[in-house]
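This report refers to the structure that appears directly beneath it.
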Amino acid sequence: MKILSENNINRDEWNALVHASATGTWFQSPEAFDFFVSMPELFKPFAVALACDPAGTQTRLRAICVGFVTVEKNTVKQFFTRRAIIIGGPCIADDCTDEEVAALMKAVKSTLLLGRDGVGSSPIYIETRNFNDYSRWKGAFAKAGFSYEPHLNFHVDTSSVEVVEANLGKSRKRDIRTSLRDGATIIEKPTLEQVREYYAILANLYKTRVKTPLFPFSFFEKLWQHKDGRFILVALNNEIIGGTVCVEQEGKCLFEWFACGRDGEWKTIFPSTVATYSGIRYAAEHNCPRFDMMGAGKPDEAYGVRDFKAKFGGTEVEHGRFLCITKPVLYRIGVLGVKILKKLK
């Protein structure tokens, strides 16, 4: 087995693995890695791969892990909050052995703990946010020092528009129908100024309800410019009132990264519902057989967002997360800080 870093991974093999693997997502692709690289003020990206070199054959890529260490401008905040996030979970060949998966994750951990970019870049914890089933390799992750944390998600079947409409809940159908009847419109190719209007709604949601950091507008502008970014916004009287932000993995999946709306301002117009439905329908109309809602909280905790997502006809799955805490004291401080922040009004 051979460990490779981003500079010596064959991109054709990388693309082929992401396309073929059941755990291959857009977030593990070369395009995603390049997207994160384009914003050094926000991310310190990494890509670690494992290849095998059987006798008499060419080296073959077996698994790859793409992620980023978060970056904060404030040095003190960076020291206490730095974390490595692997969105979607690593991309692993379907026939990978436990030995190969454990070797990959050990290499990821050792690479990150080196702190390649100086003091403060070594993460407090490493977390994979899984969008697919890794249950067969749980033992391999544990062997590499990653514990399993239950976490829910919804996968929506978007193999056809007919399937989408048949699976949609009655209340969602009614809310969509009255919203469109009373003037809500869907914009699939918004201008940058419209994206800016949307961002204001999203930022307010994060500040008042989510109470966790949101990427700056520059992130959304870069994603709007990206060939795989999909901004589907909802307007009323030429004013943006909601929308969904997705990335498309052509022929495989549409991932809903952000969604919000000015809900509750109208009796018969439901911006968030129209936004998510529009993303689901877009997937069906553009040959993406699955719509991934990118998370629905922990199964033992009440979560209003999960209740909202449950009514779009998706299947609830629990693919969880793998967590490796590298600095336990700082991790406990961070967990306490987040709890305090969420309690503040």
Checklist entry - Quick one: what Rg and Dmax do you get for segment 109-209 from the alpha carbons, in Å? => result 21.5, 57
Item to check | segment 286-298 - phi-based ³J(HN,Hα) in whole Hz, Karplus 6.51/-1.76/1.60, Gly and Pro as x | outcome: 10, 6, 9, x, 9, 10, 9, 7, 6, x, 9, x, 7
Checklist outcome for this item: Dividing the mean separation of Cα pairs under 8 Å (6+ apart) by the residue count of the chain yields a relative contact order in percent of 19
Item to check | Label-point separation, residue 187 to residue 268 (7 Å along Cα→Cβ), nm | outcome: 2.4
Next on the checklist: Between residue 197 and residue 52, how high is the FRET efficiency from 1/(1 + (r/R0)^6) when r is the Cβ-Cβ distance and R₀ = 51 Å? Nearest 0.05.
Outcome noted: 0.55
Checklist entry - How far is it, in nm, from the label point at residue 22 to the one at residue 303 when both lie 7 Å from their Cα along the line to the Cβ? => result 2.3
Item to check | Peptide ranges 214-221, 26-33 listed from the most packed, as the mean C-beta count within 10 angstrom indicates | outcome: 26-33, 214-221
Checklist outcome for this item: Computed ³J(HN,Hα) along segment 235-244: with the Karplus parameters 6.51/-1.76/1.60, θ = phi - 60°, integer Hz and x for glycine or proline, the list is 10, 9, 6, 6, 10, 6, 10, x, x, 10
Next on the checklist: Treating only the Cβ of Lys, Arg, Asp and Glu as charged (+1, +1, -1, -1), what charge dipole size does segment 140-230 show about its Cα centre? Round to the nearest 20 debye.
Outcome noted: 260
Item to check | Once the Cα gyration tensor of segment 154-316 is diagonalised, semi-axes √(5λ) in Å | outcome: 21, 18, 18
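How big is the Cα convex hull of the chain in projection, averaged over all directions, in nm²?
So the mean shadow area of the Cα hull is 17.8 nm².
Please compare each pair in 138/252; 44/222; 138/309; 2/44; 173/311; 106/327 to a cut-off of 18 Å on the Cα-Cα distance and tell me which ones are over it.
138/252; 138/309; 2/44
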Checklist entry - Residues with amide H under 5 Å of residue 294's amide H, sequence separation 5 or more or different chain, H placed in the peptide plane at 1.01 Å from N; which? => result 154, 256
Checklist outcome for this item: In segment 127-232, the trypsin sites (Lys or Arg not before Pro) that sit in a DSSP loop and have at most 16 other Cβ atoms within 10 Å of their own Cβ are 211, 227
Checklist outcome for this item: Here the averaged projected area of segment 1-114, based on the convex hull of its alpha-carbon atoms and given in nm², is 7.3
Checklist entry - So what is Rg over Rh here for segment 277-334, counting just Cα atoms and using Kirkwood for Rh? => result 1.13
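Every number in this text was worked out from the coordinates using simple rules, so none of it is lab data. Fair warning: this is a prediction, and the values are worked out from it, not measured in the lab. Counting neighbours? That spans all protein chains shown, and the Cβs are built from the backbone with ideal geometry, glycine included.
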